Amino acid sequence: MKDTEKYLIHATIAADGVVERSDVVGAVFGQTEGLLGDELDLRDLQESSRVGRIDVAVESENGQSFGEVTVASSLDKVETAILAAALETIDRIGPCQASVEVTGIEDVRAAKRREVVERAKELVAGGFEETSLRSDDILAEVREAARVEGIVDYEGLPAGPRVGDSDAVIVVEGRADVLTLLECGIKNAVAVEGTNVPDAVADLTADRTVTAFLDGDRGGELILRELAQVGDVDYVAFAPPGESVEDLDRNTVFEALRGKVPYSSLADEPNLREAAAGDSGGAPDDDGDSGVVADEARGAAADGLVEAVEDAPAPGAIDAEAADREEVGEERERDSADTADTADTADTADGDTDGDDTAGDDAGRDEGTAAADDDANVSDDTADGDDTADGDDAGSDSDDADTADAASDREASDGSAADAPLDDEPRSIEEHVQEVVDAGSDRARLLGDDRGVLAEVDATDAFDAVESAETAPHTVVVDGLIDQRLLDVAAQRGVSELLGREVGQFVKRPVGTRVLTVGDLRAGS
């Protein structure tokens, strides 16, 4: 009844004698029975839970009894008022004369509303935390939380969240170094926590590409030498002399990592830091899978968040590439010169042929003139001879026409060959897709950074071509299925894009390599 009550009837009782609670309850039920009809019978209303229990509080003093009666009602306002008035008809309680007076009818819902209002006032006054975040502040806070992930525990060591599944790891000295790299977006760092390299780090270096990124002091050298004894170190990078990794800003961190050098070139040096500084001008000569973070090397998001550092191209590689381009340019110039010489030769030959035709025509005209002068005695044989000569002239003209057509065809062929782009000339991705995929060539084409063709092989040989390419391709276009095996070798070689006719199911999908079907490319994904 507590959940459904709407009103509370409050009444006072007074009896000339000593009465108890049961006497009061009995008088209420007994003297109101049949008074209001069946619909408002108090017993029936109580059985149907439309009226609650009757609460009585009575006290006796000096031979008289006084008390209060409270009746809960879920009836409407009119029915509750009639029931309250019926209580005042009670004139006897037990053996004693008595009187009942209704002092009030309380609206329970109004009381609750008053409580709600009072509590709401209190909450408005001191229940709200004063905040005035702007939209820019909210966006900045969420972006920061997305960019800087917390340090995780890897075999009891502080590490970035990607150490467990990344193809490459960065070994640093302490927890603060891991946090610094996390703030730079590099999530595959693990700390050795002292000069005693843990077994977990040594085991981790067995099957990963490992870069040791250490402080620019003697302690960093000691850690590097011990790490090289218990594990495999591929590359080394030091903070500037006298500085710690944890104190470096973002630009300095990336500059130091880009200047990493192969450990094999430093192993026998007495001073590793000086040797690394002297050798940092040349980038490591790797086969494409030794980026600081293999899965994330080229996966920088649009808002500038980076998760890895790409290897800087070696000056030697740049010089070799420039030399290759100069050699290709010289070959193109020689081809153009040969084409021009061929065209000149063809034109000269055509000129000679035209000269012969002109001489023949002049000889014919002279013979015709002579025949006209000797028309006195013309025989049938002479006429027949003239006919034969005319036939020969016609045959000569036909041969000249064929020669001219052949020369024209050669010129057109030379012109189209000159207009066609060379294999290594830069073209758009769409053109390569049309030539490889749309044409159904069953071929795979490896493209460089400038979209020039590095190599073209059968689609079934795409894996071997990417793996053995001297220059790691930027994009690979395949007329076939892109499977996990091809994706793995492309990620190891640093391929940025894989374009194919269709895409298979991937168990592991590296972040640094985009995989698209031709449909996805044209849909603008």
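The values are calculated or read from the model by the stated rules, or taken from the named source; none is laboratory data. Since the structure is predicted, the reported quantities are computational estimates derived from the model, not experimental observations. Backbone-built Cβ (ideal geometry, glycine too); neighbour counts: all protein chains shown. The protein model used for the area step is the full one, side chains on, heavy atoms only, and it has no ligands, DNA or RNA in it. Shrake-Rupley method; radii C 1.70, N 1.55, O 1.52, S 1.80 Å.
The test for being open to solvent by 70 Å² or more (accessible area, probe 1.4 Å), part of a loop (DSSP other than H, G, I, E, B) and either modelled with pLDDT of 90 or more or under 23 Å from Ala206 (Cα atoms) (or both) holds for Asp287. Within segment 34-54, the presence of at least one residue that is within 18 Å of Glu101 (Cβ to Cβ), open to solvent by less than 70 Å² (accessible area, probe 1.4 Å) and assigned to a strand (DSSP E or B) is confirmed. Close Cβ contacts (under 9 Å, 6 or more residues apart or on different chains) running from residues in segment 17-45 that are without any contact (Cβ under 8 Å) to a residue 60 or more places away in the chain to residues that are assigned to a helix (DSSP H, G or I) and open to solvent by 80 Å² or more (accessible area, probe 1.4 Å) comprise Phe29/Arg43; Glu33/Arg43. Meeting the requirement of 3 or more residues that are under 41 Å from the mean Cα position of the chain (by Cα), the helices (runs of 4 or more DSSP H) wholly within segment 89-208 are 135-147, 175-183, 199-204. For the structure I just gave you, tell me whether Asp520 is over 15 Å from Asp165 (Cβ atoms), without any contact (Cβ under 8 Å) to a residue 12 or more places away in the chain and open to solvent by 10 Å² or more (accessible area, probe 1.4 Å). So Asp520 passes the test. In the set Val478, Val453, only one residue is among the β-branched types (Val, Ile, Thr), under 27 Å from Ala168 (Cβ atoms) and open to solvent by less than 40 Å² (accessible area, probe 1.4 Å); that residue is Val478.
Looking at the structure I just gave you, is Ala85 buried (at least 16 other Cβ atoms within 10 Å of the Cβ) and touching a residue at least 12 places away in the same chain (Cβ under 8 Å)? Against the criterion (buried (at least 16 other Cβ atoms within 10 Å of the Cβ) and touching a residue at least 12 places away in the same chain (Cβ under 8 Å)), Ala85 does not qualify. Taking the numbered list (1) among the aromatic types (Phe, Trp, Tyr); (2) closer than 26 Å to Ile186 by Cα; (3) assigned to a helix (DSSP H, G or I) in turn, Phe463 passes all entries but (2). Within segment 169-184, can you find the residues that are under 13 Å from Tyr154 (Cβ atoms) and open to solvent by 10 Å² or more (accessible area, probe 1.4 Å)? Listed by number, the list holds a single entry, Arg175.
If you go through segment 211-247 and keep only what is crowded, with 17+ Cβ neighbours inside 10 Å, in a loop (DSSP other than H, G, I, E, B) and out of contact with any Ser or Thr (no Cβ under 6 Å at 6 or more places or on another chain), you end up with Gly216, Val233, Ala239, Ser244. Among the residues making up segment 248-274, a single one is among the aliphatic types (A, V, I, L, M), farther than 14 Å from Thr211 by Cα and in a helix (DSSP H, G or I): Leu272. Residue selection: Glu310 fails the criterion of being within 24 Å of Gly185 (Cβ to Cβ), modelled with pLDDT of 75 or more and of a type outside the set (A, V, I, L, M, F, W, C).
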